[in-house]
Amino acid sequence: MIVLGIETSCDETAIGIVRHSIAPNGLARGSILADVIASQTDRHAKFGGVVPELAARAHIEVLTPLIQQALKDAKLSFDDLSAIAATAGPGLIGGVMVGLVMAKAIAMVKNLPFLAINHLEAHALSARLDTQIDYPFLLLLISGGHSALISVRGLGDYHGWGATRDDAVGEAFDKTARLLGLGFPGGAFIEKTAINGCEKKFKLPRPFFGTSHCDFSFAGLKTAVRRIVESDDFNKNPQNIADMAASFQSAIGDCLVERTENALKFHKKLVGTQKPLTIIAAGGVAANQYIRKKLANLAQKHNAKFMAPHPRLCTDNGVMVAWAGAEHLANGRSDLLTAKPRARWDLA
Ligand code: KG4
Ligand code: ZN
């Protein structure tokens with residue numbers, strides 16, 4: 001099966017084409033035939049965040065040539081495809097509409113099955129594409145718009161344990177990066193800057209530390225950084241900036257590890273102890289090597305396997321949408337062309 005996926009829910013216009021097959025061990029496996037992306041980061045950078053109307057217009061400008069480019073890269077035509085998938089939400093509604101309408105139009109003209117994909121589910125399943133992973137697994141979804149801990153028992157079978165009560169993790173990274181005068185989006189800049197910093201330099205809060213639930217909160221941490229950075233005592237020299245980036249990243253890492261450890265207890269009860277334990281991190285923040293390492297240590301402590309998709313597949317891309325479409329298609333699903341774009345769409 002070959003599926004083309006369209007992603008337009010935020011500020012990346014992205015097209016992926018994947019081949020889905022079943023390996024001799026019975027697990028799904030995928031190969032990437034095309035992966036093209038047009039980032040709008042530069043257009044939004046001067047506003048310090050994504051401007052929805054600008055994003056939707058930019059998607060319209062580049063979508064058709066990007067699809068043509070993806071087909072060319074894969075040396076395929078529309079006639080070679082088994083289905084078309086597009087993100088139908090959650091996301092910025094204007095952008096979601098652009099991708100969804102395009103997918104529906106291609107499906108209608110080429111008489112192809114159509115799949116309306118939940119963007120969070122696409123992140124959730126992305127690790128199964130490049131590393132063969134069986135269900136169940138505990139998913140730590142950490143992106144610019146979402147932070148959640150979810151037991152994934154099978155395709156479409158999700159049980160949520162906790163989510164953020166205020167900012168998403170990626171949002172906290174972006175806002176802190178802005179405070180420190182680093183670039184946008186801020187996650188990768190903080191990671192790079194933190195390499196030269198001392199994580200013990202600034203004492204920052206770890207919200208909810210010591211509690212047994214699985215919810216997150218990052219607003220207080222961000223405010224604590226703001227208080228220090230905006231105080232007269234804080235000299236914005238490169239070393240202090242690096243120390244603050246490292247201290248912030250360390251606080252985030254501790255919170256993620258502690259919440260994930262809590263969720264692991266619930267997850268074990270849900271799926272039973274006879275199944276191998278797997279923790280998967282996905283979403284843009286999962287590209288962060290420091291956080292990946294902390295989560296890998298946690299997994300080791302619990303005799304669990306830790307996996308995260310290739311960093312390239314952690315941030316938004318079209319491949320994960322194509323892959324989620326392929327997984328559903330293989331499971332016998334296709335959607336009606338009346339599927340609606342959704343600004344909000346919870347996974348669990
Ligand atoms: O998954 P994603 O591309 O988009 C959403 O669905 O939200 O995630 C984007 C978020 C941004 O907030 C960005 O700062 C963060 O992921 N991010 C990172 C890193 N790379 C991207 N955060 C921490 N470290 C990184 N290396
Ligand atoms: Zn995303």
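Dividing the helix sum by the residues of the chain, where each DSSP H run of 4 or more adds -39500 (n - 2.57), gives a mean residue ellipticity at 222 nm of -13500 deg cm²/dmol. With semi-axes defined as the square roots of five times the eigenvalues of the C-alpha gyration tensor, the equivalent ellipsoid of the range 170-305 measures 30, 15, 12 Å, largest first. Placing pseudo-labels 7 Å out from each Cα toward the beta carbon at residue 198 and residue 41 gives an inter-label distance of 3.1 nm.
Between the listed residues 30, 296, 18, the Cα displaced farthest toward the positive end of the dipole of the chain, a dipole computed from Cβ unit charges relative to the Cα centre, is found at 296. Put a plus charge on the Cβ of each Lys and Arg, a minus charge on the Cβ of each Asp and Glu, and nothing anywhere else: the dipole of the range 206-264 about its Cα centre is then about 140 debye. Length, then width, then depth: along the principal axes, the Cα atoms of the range 140-216 run 41, 28, 21 Å. Our analysis of the range 266-339 gives Rg over Rh at 1.08, with the two radii drawn from alpha carbon positions and Rh computed by the Kirkwood formula.
When peptides 31-41, 1-11, 146-156, 223-233 are ranked by their average number of other Cβ atoms within 10 Å per residue, the highest-first order is 1-11, 146-156, 31-41, 223-233.
The dipole here belongs to the range 165-253: it is taken about the Cα centre, uses +1 on the Cβ of Lys and Arg and -1 on the Cβ of Asp and Glu, and is about 120 debye. Database remark: amide H of residue 88 closer than 5 angstrom to the amide H of 117, 118, 119 (H placed geometrically; neighbours at sequence offset of 5 or more, or on other chains; Pro and chain starts carry no H). Which of the listed residues, 329, 307, 49, is farthest toward the dipole's positive end in the chain, when Lys, Arg count +1 and Asp, Glu count -1 at the beta-carbon? The residue sitting farthest along the positive end of the dipole is 307.
Annotation: amide H of residue 164 within the under-5 Å range of 147, 216, sequence separation 5 or more or interchain, hydrogens built in the peptide plane.
Taken as Cα centroids, the range 210-236 and the range 130-150 sit 25 Å apart, rounded to the nearest whole angstrom. Taken along its principal axes, the alpha carbon cloud of the range 216-260 reaches lengths of 35, 18, 9 Å, longest axis first.
Normalised by 2.2 N^0.38 Å, where N is the number of residues, the C-alpha radius of gyration of the range 38-139 stands at 1.23. In a solvent-free Debye calculation with one equal scatterer on each Cα, what is log10 I(q)/I(0) for the chain at q = 0.11, 0.13 Å⁻¹, listed in the order of the q values? Computed log10 I(q)/I(0) values: -0.72, -0.98.
Can you run phi through the Karplus equation (6.51, -1.76, 1.60; θ = phi - 60°) for the range 189-195 and list ³J(HN,Hα) in whole Hz, with x for Gly and Pro? Those phi angles translate into 5, 5, 4, 5, 5, 5, 4 Hz. For the chain, a Gaussian network of Cα nodes joined below 10 Å ranks 78, 216, 184 by mean-square fluctuation, and the top entry is 78.
Where a number appears in this text, it was derived from the coordinates with a stated rule and is not lab data. Only a predicted model underlies this, so the values are computations on that prediction, with no experimental measurement involved. In this analysis, Cβ positions are derived from the backbone assuming ideal geometry, glycine residues included, and neighbour counts consider all displayed protein chains.
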